[in-house]
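Enquirer: Structure incoming, see below.
Just so it is clear, none of the values below were taken in a lab; they were calculated from the coordinates. What you are looking at is a predicted structure, and each value in this text was computed from that prediction instead of being measured. Glycine also receives a Cβ, built like all others from the backbone with ideal geometry; neighbour counts cover every protein chain displayed.
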Amino acid sequence: MTKQDTRPLGNPKSWASSHGTYLSGQAAIDGADAVAIAMEARWGAGRLRLLVPAELREKFDRQRFLYNAAIWHGDLETVRQESLRMITAWQALSRAAEAAGSPLLAPEVWEVALSDGTVAAIVRSQEDAHAVIATGRRVAVYSLEEIARMLENYEIATAVKVTFPGSTVEQIRRDIPDPLDRIRDGVSLEETLNDDIPVFGN
């Protein structure tokens, strides 16, 4: 008796079930990912979806869900279809942001060599981090927020731990989380959320 392959891509109808269908599906996925990379280089990582109205942002997130579900559970035609729709969704966001007069990302990077040969690259935000080019170097990227947190922890956390032995310092979230990070391996938009998904804002 043949044991059933229960992995997400183990379905006989999966786009990755043969070398040929894998290459075809990956070509479609690579096309969508290339557009995503270009959009994030232009607008910033995670920034573009926040520059458009909530209704369009919701449509974009729903399309990202369907795209991810197709990659994990879809056949070849579904992957091709959702990849094309993902490209259209990125383009729609970009047009909306341009029409609203939203500024393009203008990244600035400051670099300093450390004594161990590592390069520390300092950027204003995580959105600017894509502008750092490693070119074979060992590069550590720090946003201004991360540096501020390190400075706060260095002075405040040390004083707190001395005054209150055994205390811990909780990190304050200052960024906007990606909603799809809270949906793991989803198949349908109608699925019930898992109980272990954290409450928004926590």
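Enquirer: Can you figure out the FRET efficiency of R42 with S115, using R₀ = 45 Å and their beta-carbon distance, to the nearest 0.05? Spell out each step's value before the answer.
Expert: Numbers: r = 36 Å, r/R0 = 0.80.
With R0 = 45 Å, the Cβ-Cβ based efficiency is 0.80.
Enquirer: For E58 and T88, calculate 0.36 nm times their separation in residues minus their Cα-Cα distance, and state this gained length in nm to one decimal.
Expert: Details: separation 30, 0.36 × 30 = 10.80 nm, distance 1.46 nm.
Gain on extension, E58 to T88, equals 9.3 nm.
Enquirer: Please compute the contact order of the range 19-104 in relative form: average sequence separation of alpha-carbon pairs under 8 Å and at least six residues apart, divided by the residue count, as a percent.
Expert: Numbers: 61 pairs, mean separation 37.0, N = 86.
43 percent.
Enquirer: Quick one: what are the phi-derived ³J(HN,Hα) couplings along the range 107-113, Karplus 6.51/-1.76/1.60 with θ = phi - 60°, whole Hz, x for glycine and proline?
Expert: Coupling constants for the range 107-113: x, 10, 10, 10, 10, 9, 7 Hz.
Enquirer: Residues with beta-carbon under 11 Å from that of R49, excluding R49: net charge, scoring Lys, Arg +1 and Asp, Glu -1? Walk me through the numbers before you get to the answer.
Expert: Details: positive: R47, R57, K59, R64; negative: E40, E58, D61, D178.
After counting each charged neighbour, the total is 0.
Enquirer: How many nm separate the modelled label positions at A99 and L180, each set 7 Å beyond the Cα in the direction of the Cβ?
Expert: Using points 7 Å along Cα→Cβ, the separation is 2.3 nm.
Enquirer: Let me ask another. Using r as the Cβ-Cβ distance of Y22 and V187, and R0 as 25 Å, what FRET efficiency do you calculate, to the nearest 0.05? It would help to have the intermediate numbers written out before the result.
Expert: Values: r = 20 Å, r/R0 = 0.82.
Between Y22 and V187 the formula returns 0.75.
Enquirer: If you take the square roots of the eigenvalues of the alpha-carbon gyration tensor of the range 27-98 and sort them as a ≥ b ≥ c, do you get rounded (a/c under 1.5), prolate (a/b over b/c) or oblate? Don't jump to the answer; show the numbers that get you there.
Expert: Working: a/c = 2.37, a/b = 1.61, b/c = 1.47.
Cα axes put the range 27-98 in the prolate bin.
Enquirer: In addition: Kirkwood hydrodynamic radius for the range 1-154: how many Å is it when counted over pairs of different Cα atoms?
Expert: On the way: mean 1/r = 0.0547 Å⁻¹.
Mean inverse Cα-Cα distance, inverted, gives 18.3 Å.
Enquirer: Take the alpha carbon gyration tensor of the range 70-113, find the square roots of its eigenvalues, order them as a ≥ b ≥ c, and report rounded if a/c is under 1.5; if not, report prolate when a/b exceeds b/c, else oblate. Intermediate values should be presented prior to the final figure.
Expert: On the way: a/c = 6.18, a/b = 1.65, b/c = 3.74.
Since a/c reaches 1.5 but b/c is at least a/b, the shape of the range 70-113 is classed as oblate.
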